[in-house]
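Participant: Starting off with a structure, shown below.
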Ligand code: GLN
C-alpha cells in the first residue's frame, strides 16, 4: 500500500548551491528505503503550491538570487508560517535561512524583509566565512557540513541555535559560537555540504516528523535488502564525516 510523503523543494532553480539539492535526493532515497512513497514537488517562482506539503527543503543562493525570489516568497509567507506553526519539518540552508528570519541587510545596503518564521536578522559583510564546519547540537550530536556566506546572522533573545560551533568555524556570525536556529520543527542553518548525506540523524528527524504528522506514527516497512542498503549508506556517511572532520578549514 502506497504511503505518500509530499516533499516541497523550494526554489531549486535559484536557491541551490554547494550541493544543496543533495538534501532532496537524500530524503527521497531514505523515505523509499523506509517503505514510504516520496513525491517531490519543485516549487519555483509562480509555481502552484501542492495539495500536501509534509516536508519542505530549501537551499542557499547568493544575494542576487535572494532578491530574485523574494516577492514570490512573500506571496507564500502565510502558507509557510501556518505550516511551520503546525509542525511541518523544514530545512532551510543559508540564503533561505536568512530570508526565514526578520530581515537581511545586504552588503550593498539593500534591505530584504524576511518572513519571520525564525527570530533572527542578518547583516552582509565584505568578508566571507568559508570552510568545513563541525558543530555540536543537543538534538543531533556532532553535525558536519560546509559554510560559505558573508551574511552575519544574530538570533533574537530566546531563539534556540541549531548548534554550537566547535574548533575554528564561524557559524552564524563568527562572534557568539552559535550556528543556525531551531524553531518548532524548522531548522535554519549555514551548513551546505550537502548537509543531509553526511548527517543521517537529521534526515531521520525530518522524515520521522513528517511521517508522524501525516500518518500518526512512523512505521518503516523495509525489506532485508533495503535495511542492508540503509546500513551501507550510513557507513559511507560515517566515512564522509570522518574525512570532513579531519580537514577543518
Ligand atoms: N548571500 C548570502 C551570503 O553570502 C547567502 C549565501 C549562501 O546561501 N551561500 O551571506
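Participant: Antiparallel as a % of all DSSP beta bridges within the chain, to the nearest 5?
Facilitator: DSSP beta bridges in the chain are roughly 55 percent antiparallel.
Participant: Then there is this: Normalise the Cα radius of gyration of the range 18-82 by 2.2 N^0.38 Å (N = residues in it) and let me know the number.
Facilitator: 1.25
Participant: Can you sort 219, 213 from fewest to most other Cβ atoms within 10 Å of each residue's own Cβ?
Facilitator: Ranked by crowding around the Cβ, least crowded first: 219, 213.
Participant: Once the Cα atoms of the range 51-159 are picked out, what are the Rg and Dmax in Å?
Facilitator: Calculated on Cα positions, Rg and Dmax stand at 14.3, 42 Å.
Participant: Order by neighbour count: 94, 65, fewest other Cβ atoms within 10 Å first, most last.
Facilitator: 65, 94
Participant: Project the alpha carbons of the range 96-164 onto their principal axes and report the range along each, largest first, in whole Å.
Facilitator: Computed over the range 96-164, the largest-to-smallest principal extents equal 36, 27, 18 Å.
Participant: Ok, one more. Can you give me the convex hull volume of the Cα atoms of the range 113-209, divided per residue and expressed in Å³?
Facilitator: Value for the range 113-209: 99 Å³ per residue.
Participant: When every alpha-carbon pair in the range 153-210 is counted, what percent end up more than 16 Å apart?
Facilitator: Of all Cα-Cα distances in the range 153-210, 47 percent exceed 16 Å.
Participant: Taking N as the number of residues in the chain, what is its alpha-carbon radius of gyration divided by 2.2 N^0.38 Å?
Facilitator: Normalised Rg, Cα atoms only: 0.96.
Participant: Just the Kirkwood number for the range 1-116, please: inverse of mean 1/r across all distinct Cα pairs, in Å, one decimal.
Facilitator: 14.6 Å
Participant: Most exposed first by the Cβ proxy, i.e. fewest other Cβ within 10 Å, how do 118, 236, 93, 7 rank?
Facilitator: If I rank by nearby Cβ atoms, fewest first, I get 236, 7, 118, 93.
Participant: So what's the back-of-envelope 222 nm ellipticity for the chain, counting only DSSP H runs of four-plus at -39500 (n - 2.57) apiece and dividing by all residues, rounded to 500?
Facilitator: Values: 6 runs with 85 residues, N = 249.
Value at 222 nm, helices only, nearest 500: -11000 deg cm²/dmol.
Participant: If you take the square roots of the eigenvalues of the alpha-carbon gyration tensor of the range 163-249 and sort them as a ≥ b ≥ c, do you get rounded (a/c under 1.5), prolate (a/b over b/c) or oblate? If you can, show how the numbers build up before the last one.
Facilitator: Numbers: a/c = 4.20, a/b = 1.41, b/c = 2.98.
Oblate is the answer for the range 163-249, as a/c is 1.5 or above yet b/c matches or exceeds a/b.
Any read-out appearing in this document is the output of simple, stated calculations on the displayed coordinates, not a laboratory observation. As the structure is a prediction and not an experimental result, all values here were calculated from the model. Every residue, glycine as well, gets a Cβ built from its backbone with ideal geometry; the counts of neighbours run over all protein chains shown.
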